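Peer 1: Here you go, one structure.
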Amino acid sequence: MSARSANDAARRRGKDAIAVAIEHVGKRFGKIEALRGLDATIRYGRLTGLVGPDGAGKTTLMRIMTGLLTPDAGRVTLAGFDVVEDNDAIHVASGYMPQRFGLYEDLSVMENMRLYARLRGMDADHHAELFDELLDFTRLGPFTTRLAGKLSGGMKQKLGLACALMARPEVLLLDEPGVGVDPVSRQDLWRMVQALIDEGMAVVWSTAYLDEAERCQSVLLLNQGRLLFDGPPHELTAQLEGRSFRLENVGAARRAVLTEALGLPSVSDGVIQGAGVRVVLRADAETEQVQALADRTQVQLAAVPARFEDAFIDLLGGGPGGASALAERLPPVELGTDVAVSCRHLTKRFGDFTATDSVSFEVRKGEIFGLLGPNGAGKSTTFKMLCGLLKPSAGEAHVVGHDLRRATGAAKGQLGYMAQKFSLYGLLSVRQNLEFSAGVYGLEGSFRRERIGEMIDTFDLGQWLSATPDALPLGHRQRLALACSLMHRPPVLFLDEPTSGVDPITRREFWTHINGLARKGVTIMVTTHFMDEAEYCDRVAMLSRARLIALDTPDALKRMAVAPERPDPTMEDAFIHLVESADPELEVAA
Amino acid sequence: MSHAMLSFTRLRAQFVKEVLSVLRDPRSRMLVFVPPILQLLVFAFAATLEVRNVDVAVYNQDTGRWSHELLQRLDGARFISHVRHVDSPRRLHELIDRGEVIAALAIPVDFSRAVATGGGHAQVLVDGRRSNAGQITVAYLSTIAAGIGAGLVPDAQAPAPVVVRHWFNPNLVYRWFIVPGLTGILALFSALLITSLSIARERELGTFDQLLVSPTSTPEIIISKSLPALAIGTLLGLFMIGAGVFLFNIPFTGSFGLLLASLVLFILSVVGIGLMISAVSATQQQAILGAFAIGVPAVLMSGFATPVENMPVALQWMAQAIPLTHFLVVVEGTFLKAMPAADILANLWPLAVIALVTLTLATALVRSRLQ
């Protein structure tokens, strides 16, 4: 495909020649220092990951490299051109795919491509060959007449990629191409990027998913505008070798075991992985304490390979502790019934499109239940029907025995809900937000004051009371959202992609609370894009094309994906395997 | 925890949230308070149909006392900058042709004698190219001529003097017309914008879902969103009525109580329309477009710019469904006409009906969004 120019560049400069040189780059927006004295190089013929949590400075650096932003300090050269002085040349040498696709949603796939060709000064009519090549490469051939707005997230990314490749750039910059793309489509993107690298192009892939970083040949790890690491990811991971262990098959006690493990002085980080507990030891720590824990719980302790995420957490000084002050205060949930949430033949049709097709399951009290699926599989429609935001077209849903259609008020009083963007009132102060959620759930008088005071203590919000939520650090904003949704002590908590865009440490803190709540008998319903978050669930319902295709424990789902070439499949492997075997044609459609 | 349709605790929490959302946001504070007040001042002072600073030509053939008196009064008239004296009818026409004067008077030889015997007419020429200003000038000149017991006759037309007397606003002070009307229009747009943005803003933030999963009922949402907008719109309306009375010295001849009642009902019906717009808008941008798509035709059809009676019958019926139509009748009547209570009540009940219908529809629309 863009072989000609990229190969030229590679031949001219040689593979591994420097494509982008970043020297002492700094950039500030008002009070915020987005980048601080950054030095790095990006080379041809390699996939370079630009990795870090939200707000690390990834997009700022991307935009400086494409000449859309001017650095306050330092300089950047791309393909030999200075991004400030030779701005015009930069636009020819680089292809940029912004986070939000940059597509015109009311134009068809073909019209978008022709428009980008014309914007590049190319005569669209004489490039039929190039178009065919691009359509073939992105497998968008069958969809040329479809409006860009009607494409799935994955197809939009591919079209964005096709448009960015139009001018046969030497350096391709992809800003979070994995966001909003399910694992199946993501797989396809990796394949395309790999082909481009093989041709000698320099590709930069920015991401907040640390598992994506592991697939890059080289990584620039950013945190709060600083470069933490520059090099191949396995080099960083290698430093952690011998420090990662898994307590195998802990089963029902795994949440208690995780809390205990995180309390050990020798443990720096820990997560739940299916039925097991994965821990990372502090540098130079011995395995004694963890081994003792394993013996006490009568499980096996196995050494496991280190992950990039372990290294990242370690660089930041380890994860948060395992005790949840919230769960400690909470009285155990008493329910009259053992089934907290249930649905039978739940169906939702929008016109002649069926978003959810006859989905049935039961969620037990105190269970963490995950809903997973590719984009457009119907998981958020199902989720919305279960918490009363949508009325089902057919079938029924119950929360703690209350029918959501008949006893809406009673059912809603039993559930707490935390939305993706935390859904706080940005114009109200932290205290006013708390007061509002207490009031809207009908808490009154001294009872209300007590409950609000308790939430402020538990989540350590005391010093932020008069600030607005937007002024809070991300972790505190998430605590506030959780406090608001738990104000009325609901026995069932709905979490809609609760940790997307949240750094791994804040994510761990959040899950500490969720694990604590589950141990007190609170039922948790969660949708997520993070495959490692699915590992925290007791059971996972996998949806594809509006149907429930699998429902089991994470370990059982992973076992289904075991194959000779995949002896120990990850949750992502399981996801791809299940979706593809449920519908072999899906890959083309995605 | 109560699952009743209406709970005071839940209502109060939402009411406080709504008031704070409007007052703590510097942008919405600006949007709500500053433009209406600025517009009131701009429209009241700048957008005037009054005729001022015009030049008038006079061809005086009479040497008597009354023509002298007439000229003195023209000189003293505040709307005339210069009185141009000419000595031939030809010159008179020339000045009109060149647009140097807007109107010209030809005073005949026997003017004073005729006035003394109770008659007397001066001939008037008007620049028809500026028909509106010209007509008003003629009206002013007629008043002046009438002051000395004379009349004006149009050029080359039969002397059939028509005397126009403007009731309630004898001097046709333009502000007296425009300020009461503006009160209604500006209060309409403020209330419409506050409410049409309210649900759409929450939808964009994602807080609307949060509200919908709580036990709060749709009527509670509608009530808590109506009250702050109602309070703000009413206060703004009262402020502008106050400005009309105390700043512009417009005679306030009717009942304040009835005006307040109709103001409250008027804002309430507008709030219903605003919430309907908001319920169907997915974004704040759509909501603002919706507010203007409804607001502008409503103003044009309300009788503010053109009398409702001049419209086709079908449109007259539609105009009855616009809250502003009724409120304009009340506010203009209360300011200038000392409108009797019965006439005001005749416009009050349609406002109450519109408010009831729009608020019910808004509730139904919010609820249907749950489907």
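Peer 1: Hey, among the residues in segment A:455-485 that are of a type in the set (Ser, Thr, Tyr) and either within 13 Å of chain B (Cβ to nearest Cβ) or not in a helix (DSSP H, G or I) (or both), which one's nearest to A:ASP54 (Cα to Cα)?
Peer 2: Among those that are of a type in the set (Ser, Thr, Tyr) and either within 13 Å of chain B (Cβ to nearest Cβ) or not in a helix (DSSP H, G or I) (or both), it is A:THR468.
Peer 1: Contact list please: Cβ distance under 7 Å, first residue in segment A:354-372 and under 21 Å from A:GLU535 (Cβ atoms) and in a strand (DSSP E or B), second residue basic (Lys, Arg) and at pLDDT below 90, pairs at least six apart or on different chains.
Peer 2: Pairs found: A:LEU371/A:LYS379; A:LEU372/A:LYS379.
Peer 1: Among the residues of segment A:386-412 satisfying the criterion of being within 30 Å of A:LEU474 (Cβ to Cβ) and assigned to a helix (DSSP H, G or I), which is farthest from the other protein chains (Cβ to nearest Cβ)?
Peer 2: Out of the qualifying residues, it is A:LEU386.
Peer 1: Output the residues belonging to segment A:216-229 that are surrounded by 18 or more Cβ atoms within 10 Å (Cβ to Cβ) and farther than 14 Å from A:ASP503 by Cβ.
Peer 2: Within segment A:216-229, A:CYS216, A:SER218, A:VAL219, A:LEU220, A:LEU227, A:PHE229 qualify.
Peer 1: Going by what's in this entry, would B:LEU125 be described as over 30 Å from B:THR358 (Cβ atoms), at pLDDT 70 or above and outside any helix (DSSP H, G or I)?
Peer 2: It is true that B:LEU125 is over 30 Å from B:THR358 (Cβ atoms), at pLDDT 70 or above and outside any helix (DSSP H, G or I).
Peer 1: Okay, next question. Of the residues in segment A:413-422, how many are crowded, with 24+ Cβ neighbours inside 10 Å and either out of contact with any helix residue (DSSP H, G or I) (no Cβ under 6 Å at 6 or more places or on another chain) or facing chain B (nearest Cβ under 7 Å) (or both)?
Peer 2: 2
Peer 1: Suppose the filter is more than 14 Å from chain A (Cβ to nearest Cβ), more than 21 Å from B:PHE177 (Cα to Cα) and over 20 Å from the mean Cα position of the chain (by Cα); does B:ALA261 pass it?
Peer 2: Spelling it out, it is not the case that B:ALA261 is more than 14 Å from chain A (Cβ to nearest Cβ), more than 21 Å from B:PHE177 (Cα to Cα) and over 20 Å from the mean Cα position of the chain (by Cα).
Peer 1: Give the residues of segment A:45-59 that are at pLDDT 90 or above and surrounded by 24 or more Cβ atoms within 10 Å (Cβ to Cβ), sorted by residue number.
Peer 2: A:THR48, A:GLY49, A:LEU50
Peer 1: For residues that are more than 13 Å from A:ALA483 (Cβ to Cβ), at the interface with chain B (Cβ under 7 Å from one of its Cβ atoms) and not in a helix (DSSP H, G or I), tally how many sit in segment A:427-442.
Peer 2: Count: 3.
Peer 1: Within segment A:97-111, identify whether any single residue is in a loop (DSSP other than H, G, I, E, B), closer than 30 Å to A:ASP470 by Cα, aliphatic (A, V, I, L, M) and within 29 Å of the chain's Cα centre (by Cα), and answer yes or no.
Peer 2: The answer is yes, given that some residue of segment A:97-111 is in a loop (DSSP other than H, G, I, E, B), closer than 30 Å to A:ASP470 by Cα, aliphatic (A, V, I, L, M) and within 29 Å of the chain's Cα centre (by Cα).
Peer 1: Do we have any residue at all in segment A:113-124 that's under 23 Å from A:ALA377 (Cα atoms) and either of a type outside the set (Val, Ile, Thr) or not assigned by TED's automatic domain parsing to the domain that holds A:ASP182 (or both)?
Peer 2: No, every residue in segment A:113-124 fails to be under 23 Å from A:ALA377 (Cα atoms) and either of a type outside the set (Val, Ile, Thr) or not assigned by TED's automatic domain parsing to the domain that holds A:ASP182 (or both).
This table checks each residue for (1) outside any helix (DSSP H, G or I); (2) among the aromatic types (Phe, Trp, Tyr).
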residue: A:VAL179; (1), (2): yes, no
residue: A:VAL184; (1), (2): no, no
residue: A:LEU189; (1), (2): no, no
residue: A:LEU196; (1), (2): no, no
residue: A:TRP205; (1), (2): yes, yes
residue: A:ASP211; (1), (2): no, no
residue: A:CYS216; (1), (2): yes, no
residue: A:LEU220; (1), (2): yes, no
residue: A:LEU227; (1), (2): yes, no
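Peer 1: List every residue pair whose Cβ atoms lie under 7 Å apart, where the two residues are 6 or more positions apart in sequence or sit on different chains, the first residue falls within segment B:16-28 and is at the interface with chain A (Cβ under 8 Å from one of its Cβ atoms), and the second residue, located anywhere, is assigned to a helix (DSSP H, G or I) and buried (at least 16 other Cβ atoms within 10 Å of the Cβ).
Peer 2: Sorted first by the residue in segment B:16-28, then by its partner, the pairs are B:LYS17/A:PHE436; B:LEU20/A:GLN432.
Peer 1: Let me ask something else. Has segment A:502-510 got any residue that is within 14 Å of chain B (Cβ to nearest Cβ), part of a helix (DSSP H, G or I) and hydrophobic (A, V, I, L, M, F, W, C)?
Peer 2: Checked against the condition, which is being within 14 Å of chain B (Cβ to nearest Cβ), part of a helix (DSSP H, G or I) and hydrophobic (A, V, I, L, M, F, W, C), segment A:502-510 yields no hits at all.
Peer 1: What's the number of the only condition in (1) more than 30 Å from the chain's Cα centre (by Cα); (2) of a type outside the set (Lys, Arg); (3) buried (at least 24 other Cβ atoms within 10 Å of the Cβ); (4) more than 8 Å from chain B (Cβ to nearest Cβ) that A:ILE452 fails to meet?
Peer 2: (3)
Peer 1: Here is a list: B:ILE223, B:ILE199. Which entry is over 21 Å from the mean Cα position of the chain (by Cα), within 14 Å of chain A (Cβ to nearest Cβ), surrounded by 24 or more Cβ atoms within 10 Å (Cβ to Cβ) and closer than 30 Å to A:VAL492 by Cβ?
Peer 2: Every option except B:ILE199 fails the conditions.
Peer 1: Does segment B:327-335 contain any residue that is of a type in the set (Phe, Trp, Tyr), loosely packed, with under 15 Cβ neighbours inside 10 Å and assigned to a helix (DSSP H, G or I)?
Peer 2: Looking through segment B:327-335, none of the residues is of a type in the set (Phe, Trp, Tyr), loosely packed, with under 15 Cβ neighbours inside 10 Å and assigned to a helix (DSSP H, G or I).
Peer 1: Right, another one. Give the residues of segment A:460-486 that are at pLDDT 85 or above and either under 20 Å from A:THR527 (Cα atoms) or surrounded by 23 or more Cβ atoms within 10 Å (Cβ to Cβ) (or both), sorted by residue number.
Peer 2: Correct list: A:ARG477, A:GLN478, A:ARG479, A:LEU480, A:ALA481, A:LEU482, A:ALA483, A:CYS484, A:SER485, A:LEU486.
Peer 1: Restricting to segment B:344-355, what's the tally of residues that are without any contact (Cβ under 8 Å) to a residue 40 or more places away in the chain and either closer than 13 Å to B:ALA321 by Cβ or within 14 Å of chain A (Cβ to nearest Cβ) (or both)?
Peer 2: Residues that pass the stated criteria total 2.
The values are calculated or read from the model by the stated rules, or taken from the named source; none is laboratory data. Please read these numbers as outputs of a predicted model, since none were measured by experiment. Glycine gets a Cβ as well: all are built from the backbone with ideal geometry, and neighbour counts include every protein chain shown.
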